[in-house]
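Read the structure below first, then the notes.
The values are calculated or read from the model by the stated rules, or taken from the named source; none is laboratory data. Not measured: the values here are computed from a predicted model. Counting neighbours? That spans all protein chains shown, and the Cβs are built from the backbone with ideal geometry, glycine included. These area figures cover heavy atoms from the full protein model, side chains too; ligands, DNA and RNA do not enter into them. Shrake-Rupley method; radii C 1.70, N 1.55, O 1.52, S 1.80 Å.
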Amino acid sequence: MNIKYFDNIKKREMEMPLEKMVKLLLALEIDNSFHIETLKAQAIIIRTNLLRMPKFLGGKEIINLNINSLEFCKNENKIHKACEETKGIVILFEGKPIDAKYHICCGGSTENAENVLGNPISYLRRVLCNHCEDSPYLNGEKIFTIKELEEKLKTKFHKIEEDIGTEVLDIIDNIKRDKQGRVISIKIGNRNFKGYELMESLDLNSTRFKIYPENIKFISKGYGHGLGFCQYGGENMAQLGKNYEEILKYYYTGVEVKEFPLPCIKKPIYGKVIVIDPGHGGEDKGHKGVSLGLEEKNLTMKLAQILKSKLKDKGAIVYLTREKDENILIANRIEKANEIQPNFFLSIHLDYYPNSTKKGLEIFYFKEDREAKALGNLILKNLKENLIPTRGIKEGNFYVFRGVKASSLLMEIGYLSNIEEEIKLSQEKYLIKIANSIEKGFLEYFVN
Ligand SMILES: [Zn+2]
Ligand SMILES: [Zn+2]
């Protein structure tokens with residue numbers, strides 16, 4: 001099984017076997033002084049992430065590889081061993097590869113997905129980790145001047161010159177001045193000073209002084225977003241005798257760690273996750289057919305169900321954003337899709353144009369999503385071969401596209417305002433033809 005990637009030097013798309021790619025990325029990702037079980041855990045994380053990409057290093061995340069980096073991992077025995085001994089093993093949640101997030105050092109506890117990614121993910125839950133206490137990355141500090149903070153954060157502090165008091169709680173307070181601004185007494189830390197005492201101790205030029213807090217220090221614990229696997233925590237667990245499976249199961253809640261059956265001829269899109277979104281539902285009926293009165297919500301559902309069973313037969317894991325005739329807000333559909341984290345999201349609708357002969361199926365993809373465009377073109381080609389009238393593929397800027405964090409297509413499968421097309425759409429065999437074309441598009445997209 002080959003993985004596609006973009007070669008930064010040759011400036012073109014290339015391929016390499018999955019296990020070789022895991023080895024290369026592992027060597028780039030982690031120092032080989034780590035314990036062998038940590039390296040194994042990291043190898044499995046890398047393999048898992050490769051297998052869940054839309055089209056192996058494609059889609060919205062394109063990984064650019066520097067081919068020279070291939071050379072230096074050839075003789076890394078430990079890297080080699082970590083990959084060989086976990087060959088084919090991935091992390092699964094409900095049967096599909098997880099989004100195996102990881103970071104260098106969590107500093108005491110990992111993070112819940114919703115606090116970083118905006119939506120909850122069942123296996124990315126907060127776990128306590130006292131394993132990374134000795135990590136060189138545990139403590140970090142950065143000092144910013146007031147001016148730097150104002151620039152970086154585009155914020156404004158109120159002008160200190162205007163504030164004759166200038167107390168900094170628990171650091172400098174109780175400042176007493178005479179009317180002309182000379183400091184009579186002041187408390188710094190836990191001591192009280194007379195103005196002239198401070199002037200002498202600090203060698204100030206006069207007792208008429210103001211205080212400007214110039215620098216602000218941020219002290220942080222941990223390194224990275226804190227989601228999922230904590231590398232230094234894992235390392236400590238390995239030192240204490242835990243194996244890669246125990247380590248991974250500790251940081252990813254409720255997962256399985258096991259061999260992933262790779263796609264085969266009978267199930268060529270095995271493990272691919274696809275979310276189909278049948279438009280409308282419940283009291284939101286969508287458009288209504290001009291002659292037979294067909295309702296958009298029913299047609300989108302029919303096609304979604306036909307397509308779901310076809311894609312499942314080919315090995316895909318398919319979810320619908322609604323299972324029955326109910327009204328679900330687009331925001332909730334987006335939320336559901338983002339929880340599932342599919343390889344592809346496909347929304348189905350129908351069009352309407354009053355008093356028109358307009359007809360044909362139209363496909364939309366989100367701007368610059370080259371994977372969605374590629375899939376859309378393959379589907380379009382198959383629709384044409386099946387003699388379905390089409391109106392081509394275009395960029396679209398639908399709300400759902402902006403929300404779903406996966407490559408997405410939206411299809412308007414025909415015009416309910418066109419008598420001829422509505423009659424066709426009323427026949428199941430016509431919907432099956434459309435579903436066949438979409439299915440074939442997916443097969444060609446994922447397999448080639
Ligand atoms: Zn940790
Ligand atoms: Zn619609």
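The table for this structure:
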| item | result |
| --- | --- |
| Total residues in region 246-259, condition surrounded by fewer than 19 Cβ atoms within 10 Å (Cβ to Cβ) and of a type in the set (V, I, T) | 1 |
| Matching residues in region 326-360 - criterion: being hydroxyl-bearing (S, T, Y) and in contact with a Gly (Cβ under 8 Å, 6 or more places away or on another chain) | S347 |
| Leading residue by the ranking (surrounded by the fewest Cβ atoms within 10 Å (Cβ to Cβ)) among those in region 410-448 that are in contact with a Phe, Trp or Tyr (Cβ under 6 Å, 6 or more places away or on another chain) and assigned to a helix (DSSP H, G or I) | K424 |
| Any hit, region 268-279, residues being part of a loop (DSSP other than H, G, I, E, B) and over 27 Å from V447 (Cα atoms) | yes |
| Selection from region 294-309 of residues that are in a loop (DSSP other than H, G, I, E, B) and over 15 Å from K424 (Cβ atoms) | none |
| Residues that are out of contact with any strand residue (DSSP E or B) (no Cβ under 7 Å at 6 or more places or on another chain) and more than 13 Å from I269 (Cβ to Cβ), drawn from region 299-330 | K302, Q305, I306, S309, E323, K324, L329, I330 |
| Test: residue in region 192-207 that is small (G, A, S), more than 30 Å from G254 (Cβ to Cβ) and in contact with a Ser or Thr (Cβ under 8 Å, 6 or more places away or on another chain) | yes |
| Residue within region 260-278 that is in the same structural domain as D325 (by TED's automatic domain parsing), open to solvent by 10 Å² or more (accessible area, probe 1.4 Å) and within 14 Å of ligand 2 (Cβ to nearest atom) present | no |
| Condition met for K285 (within 16 Å of ligand 1 (Cβ to nearest atom) and either free of Cβ contacts under 8 Å to residues at least 24 places away in the same chain or open to solvent by 70 Å² or more (accessible area, probe 1.4 Å) (or both)) | no |
| Residue within region 226-242 that is outside the structural domain of E111 (by TED's automatic domain parsing), more than 16 Å from ligand 1 (Cβ to nearest atom) and not in a strand (DSSP E or B) present | no |
